[in-house]
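See below for the structure under consideration.
The values are calculated or read from the model by the stated rules, or taken from the named source; none is laboratory data. Owing to the predicted nature of the structure, the values given are computational and were not obtained by experimental measurement. Cβ sites come from the backbone with ideal geometry, for glycine too, and all protein chains shown count toward neighbours. We work out accessible area using only protein heavy atoms, side chains counted, and drop any ligands, DNA or RNA first. Shrake-Rupley method; radii C 1.70, N 1.55, O 1.52, S 1.80 Å.
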Amino acid sequence: MAYQHIEFEITDGVAVLTLNRPDSLNSFNGQMHIEVRDALKQVKTDAAVRCLLITGNGRGFCAGQDLSDRAVDPDAAMPNLGESIEKNYNPMIRSLTSLEMPVICAVNGVAAGAGANIALACDIVLASKSASFIQAFCKIGLIPDSGGTWTLPRAVGLPRAMALSLLGDKLSAEQAEQWGMIWKTYEADELKAAALSMAKQLATQPTQGLALIKRALQASATNSFDEQLDLERDLQTLAGQTEDYREGVSAFMAKRAPHFQGK
Ligand code: T3D
């Protein structure tokens, strides 16, 4: 598929998906959803891809839904937002969280509405010091979606999640870093290189093991301690059967660098 609103390339085991509607701060229209869906399918099915990096072009990361696609004319029928979420946003978020590889988000500028929560659905969130996060939904009468009502309280605690969601205030990336909502901030001109370097490094690691770590940590949100112990046993069984585990131990014993193949 030829892309109009995203850029997508795969190099050295890393897929880089760049949102590319900078004039509207990379907000999502229907075509962009189709393109992101297509790219995520490639990431999932191409065995050569071992890490995904998502970022945006221009001064914003993503301003959520393109509001110019939403009817506000009093004579027009109201859009069914539930349908939009069911068809577009939820499958995208589920694709990201279930990808069996690390997903890095490099937030290059403002991340508002669904844009903020797409970032929070990624495994490691890096941001430019000039970036910000806005749960903008309340300003237009909506509720946080794209998983935000689940990820945000877990990332920052209920009191902060509640205030961010009810007030719609801008949270600076540096404050988000201090709160532990994201991993790290960088100077604006260093962000993309740092994110790519991290992605390339992760793409050389035991991909299946990393995917199992991701699965275990995600499950911890709803499991009891006992259930989590059982899950660790089961996932460690799987991890212990990978070629990369064998290689990791062999390399350690031989005092050489490991060469992981993601198998
Ligand atoms: O509808 C469904 O399917 C349900 C799902 C909903 C998910 C959602 O994401 S709902 C939330 C939608 N997003 C927002 O409410 C955020 C709207 N944007 C803003 O509040 C502000 O743009 C920002 C705080 C993000 C940034 O402000 P600022 O002052 O830095 O930039 P700006 O001037 O407002 O925006 C720059 C341009 O981008 C501007 O266009 P122009 O005037 O230069 O031609 C602006 O209209 C455009 N833009 C920004 N966000 C959107 C947008 N155009 C369409 N849709 C947007 N979401």
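Below, the figures for the structure above:
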read-out: Cross-link reach list, lysines versus Lys184, counting only Cα pairs under 21 Å and skipping chain neighbours closer than eight places; value: Lys129, Lys170, Lys192, Lys200, Lys214
read-out: Cα-based Kirkwood hydrodynamic radius, the stretch 207-254, one decimal, Å; value: 11.5
read-out: Percent of beta bridges antiparallel (DSSP, the stretch 6-202, rounded to nearest 5); value: 30
read-out: Nearest-10 value in Å² for the accessible area of Cys138, using the 1.4 Å probe; value: 40
read-out: Fully extended contour minus Cα-Cα distance, from Ile143 to Asp12, at 0.36 nm per residue; value: 43.3 nm
read-out: Using distinct alpha-carbon pairs, which all enter the 1/r mean, Kirkwood radius of the chain in Å; value: 19.4
read-out: Solution diffusion estimate, µm²/s, Stokes-Einstein, the stretch 60-107, Kirkwood Rh from C-alpha pairs, 4 °C, viscosity 1.567 mPa s; value: 98
read-out: Accessible solvent surface per residue of the chain, calculated while the other protein chains remain in place, 1.4 angstrom probe, Å²; value: 53
read-out: For the stretch 256-263, Karplus couplings with θ = phi - 60° (6.51, -1.76, 1.60), whole Hz, Gly/Pro x; value: 10, 6, x, 10, 7, 10, x, 10
read-out: Isotropically averaged projected area of the stretch 1-67, using the convex hull of Cα atoms (one quarter of hull area), nm²; value: 4.3
read-out: Most fluctuating residue given options Gly113, Gly168, Gly60, as computed from a GNM of the chain linking Cα atoms under 10 Å; value: Gly168
read-out: Gained length - Gln4 relative to Val72, 0.36 nm times residue gap less alpha-carbon distance; value: 21.9 nm
read-out: Highest-fluctuation residue, Ser197, Ser220, Ser128 considered, GNM on the chain with Cα pairs under 10 Å; value: Ser220
read-out: Candidates Leu196, Leu217, Leu25: whichever shows maximal mean-square fluctuation once the chain is modelled as a Gaussian network with Cα springs under 10 Å; value: Leu217
read-out: Debye, to nearest 20: dipole size of the stretch 66-194, +1 on Lys, Arg Cβ, -1 on Asp, Glu Cβ; value: 340
read-out: Share of carbon and sulfur in the accessible heavy-atom surface of the chain [1.4 Å probe, %]; value: 55
read-out: Extended-chain gain in nm, criterion 0.36 nm per residue less alpha-carbon gap, Trp183 and Glu83; value: 32.7 nm
read-out: Dipole-positive endmost among Thr151, Ala199, Gly168 within the stretch 112-219 (Cβ charges, Cα centre); value: Thr151
read-out: Enclosed volume per residue, in Å³, of the convex hull spanned by Cα atoms of the stretch 95-231; value: 106
